[in-house]
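Some notes on the structure that comes next.
None of the figures in this text is laboratory data; all of them are computed from the coordinates on show. Quantities reported herein were computed from a predicted structural model and do not represent experimental measurements. All Cβ positions, even for glycine, are placed from backbone atoms using ideal geometry, and neighbour counts span all protein chains on display.
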Amino acid sequence: MQASSQFSTGIKFGFITGLIYAILLFVRYNFFGSSPVSFGIFAICCYLIILAMYLFAGIARRKELGGFASFKEIFQTIFVAIVITEIVYVLFNFVYLKFIDPSFFDNLKVATRTLLEKAGTSEEQIDKQMQGFKDANDQLTPVKLLEGLGMWIVIDSIFGLIYAAILKKNKDLFEPTQP
């Protein structure tokens, strides 16, 4: 089996995973934004799907290399997929939240306040929760977007390192050769 470029699998999985992420974000913003609880649960489910895609990228790379791959080969593929996916994530969020639906955070803030009031939360605790929404639009500045991009690349890479450690499989040095 001939192996393709060392980065082609990572690039392919990066764009596929990025597209899946963009679709999931669109669904989350449009169908779960009015309910903070379901919004959070859906966000966790989406992230688990993305982590699974990184695992599939590592599995595909090992399979591409004939069933044997080093830690480095698998992690490189996963890391490339992570970088591309996170760039797509940042670009989608920027375009969607800045131009398509700039009032998203305001609507989520209202829904969160309503939920907290219905739950009988004290006004002091509600005000504390609402503080987090004041900075939401500030997160869409280029500097904050780059900070977030770097942070999520590091976080995702921790999973990539774990996946690479699990998936690595070296050839047995003492395996008898077949005639």
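Things to note:
- Sorted peptide list for 19-30, 51-62, criterion being average Cβ within 10 angstrom, highest first: 51-62, 19-30
- Nearest 10 degrees, 0 to 90: helix 142-167 Cα axis against the chain principal axis: 40 degrees
- Couplings for the range 41-49, taken from phi via the Karplus curve 6.51 cos²θ - 1.76 cosθ + 1.60 with θ = phi - 60°, read 5, 5, 4, 5, 4, 4, 5, 5, 5 Hz in order; Gly and Pro are left as x.
- Each residue of the range 82-96 is assigned a 3J(HN,Hα), and the resulting list reads 4, 4, 5, 4, 5, 5, 4, 4, 5, 5, 4, 4, 4, 5, 5 Hz, derived from the Karplus form 6.51 cos²θ - 1.76 cosθ + 1.60 (θ = phi - 60°), x at Gly and Pro.
- Mean separation of Cα contacts under 8 Å (6+ apart) over length of the range 8-167, as relative contact order %: 34 percent
- Computed Rg/Rh of the chain, alpha carbon atoms with Kirkwood Rh: 1.12
- Amide N proximity, the range 90-110 versus S34 label position 7 Å along Cα-to-Cβ, cut-off under 18 Å: 101-110
- Across F79, F13, F32, mean-square fluctuation computed from a Gaussian network of the chain (C-alpha pairs under 10 Å connected) peaks at F32.
- Too-long pairs where the Cα-Cα distance tops 27 Å, listed order kept, from K12/K169; K98/K128; K98/K118: K98/K118
- Karplus-derived 3J(HN,Hα), 6.51/-1.76/1.60, for each residue of the range 56-63, Hz, glycine and proline x: 4, 5, x, 5, 5, 5, 5, 5
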